[in-house]
Amino acid sequence: MKILVAKDAGYCFGVRDAVNLAHKSGQEYEAVYMLGDIVHNENVVDDLSKSGSIVVNSLDQIPQDKPVLFRAHGTDPKIWKDAQKKKLNVIDATCPLVTEIHEEIKILESENRKTIIIGDHNHDEVVGIAAQVKRPIIISNVEEARSLKKMKRAGVVSQSTQMIENVQEIMNVLMEKVFDLRFVNTICFPTRRNHEQIKELAEICDLMIVIGSFTSANSKRLTQLSLERNSNSYQVTDENDIDESWFSNIDSVGISAGASTPDSIIQKVIKKVKTISRINKKEEIYEQQSL
């Protein structure tokens, strides 16, 4: 049996930088306060708590002499202003690609366009994007797009981890609804690469394992993409979720992971798969072929 691991599985650069910054800040200041979970992965949050990171729900819970770390998903400008008023030491771990989306939607609004965000309602990243402009419309699926009234001018961005298929379907509807429509493709490149790799892996492997927290939207999307092509696909949070029964009559296993899944968990899953399958040869790294 062979094991194929998606080349871009796991941490994207934005998440890796944010987690490293949280570790470094926790060591430097003895304690660093995070307004909500830095990324959507329980294992990462638990690990950070051991190095001095403390999750809070409000700026009022942070002592004045302690730093606050704003997470990778982006933060409401009002919270930035409140932190500055309180003279808190702000450590910005926002993914630069998310910051770009903030800038793009503000440009669309400055063009007197109605702003539309394609993304998951109440997701941290989408909430942060929406806070950059006045009265944006958030659309998560085609049905919501169809329910919109026709409008003269609109501009569209998307949550960075959206599936391109969902964005394309929604844009097809919006093209019929909006006379003057401008779309900025803000799906981040690491997401697109990971999506393409898992599509191909799901077609060529007997079994697919997607590693990621069930609180992670991008991990669930990877699982969805895999299931659409291979019904023998499973999402796991770590190696303990793997079931030996999945490996009956299996010649190949494909492995990918969401952008908030650390390398250590991916390696533990690979080790568990090798133990179950009784193989000792090294896993293969898979790069997408359809470039």
What accessible area, in Å² to the nearest ten, does a 1.4 Å probe give for Ile118? 0
Would you please give the residues with an amide H less than 5 Å from that of Ile211, counting only those at least 5 places away or on a separate chain, with H modeled from the backbone geometry? Val236, Ser256, Ala257, Gly258
Cα extents of region 138-233 along the principal axes, largest first, in whole Å, come to 48, 25, 23
Highest to lowest packing among 211-223, 273-285, scored as the average C-beta count within 10 Å: 211-223, 273-285
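Counting pairs of Cα atoms in region 1-88, how many percent are more than 22 Å apart?
Values: 1186 of 3828 pairs.
When every Cα pair of region 1-88 is considered, 31 percent fall beyond 22 Å.
Based on DSSP H runs of at least 4 residues, each adding -39500 (n - 2.57), what is the mean residue ellipticity at 222 nm of the chain after dividing by all its residues, to the nearest 500 deg cm²/dmol? Kindly include the intermediate steps, with their values, before the conclusion.
Details: 10 runs with 120 residues, N = 291.
About -13000 deg cm²/dmol.
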Can I get the semi-axes of the chain's equivalent ellipsoid? Compute them from the C-alpha gyration tensor as square roots of 5 times the eigenvalues, in angstrom, largest first. 34, 28, 13
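With all protein chains present, how much of the accessible area of the chain (probe radius 1.4 Å) comes from carbon and sulfur, to the nearest whole percent? Don't jump to the answer; show the numbers that get you there.
On the way: 6650 of 14190 Å².
Exposed carbon and sulfur together represent 47 percent of the surface.
For Phe189, Phe179, give the ranking by accessible area with the largest first, probe 1.4 Å. Display every interim value, and only then the final one.
Numbers: Phe189 115, Phe179 175 Å².
Largest accessible area first, the residues go Phe179, Phe189.
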Looking at the chain as a GNM with Cα springs under 10 Å, which of Val68, Val126, Val178 has the largest mean-square fluctuation? Val178
Residues of region 56-102: accessible area per residue with a 1.4 Å probe, Å²: 53
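Whole-Å semi-axes of region 62-106's equivalent ellipsoid, largest first, each the root of 5 times a Cα gyration tensor eigenvalue?
Details: eigenvalues 96, 26, 7 Å².
Over the Cα atoms of region 62-106, the semi-axes work out to 22, 12, 6 Å.
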In nm, give the distance between the simple-model label positions of Glu28 and Asp82, each being 7 Å from the Cα along the Cα-to-Cβ direction. 2.5
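The values are calculated or read from the model by the stated rules, or taken from the named source; none is laboratory data. This structure is a prediction, so every number in the text was calculated from the model and none was measured. Every residue, glycine as well, gets a Cβ built from its backbone with ideal geometry; the counts of neighbours run over all protein chains shown. Each accessible area value is taken on the protein alone, full model and side chains, heavy atoms only, with ligands, DNA and RNA left out. Shrake-Rupley method; radii C 1.70, N 1.55, O 1.52, S 1.80 Å.
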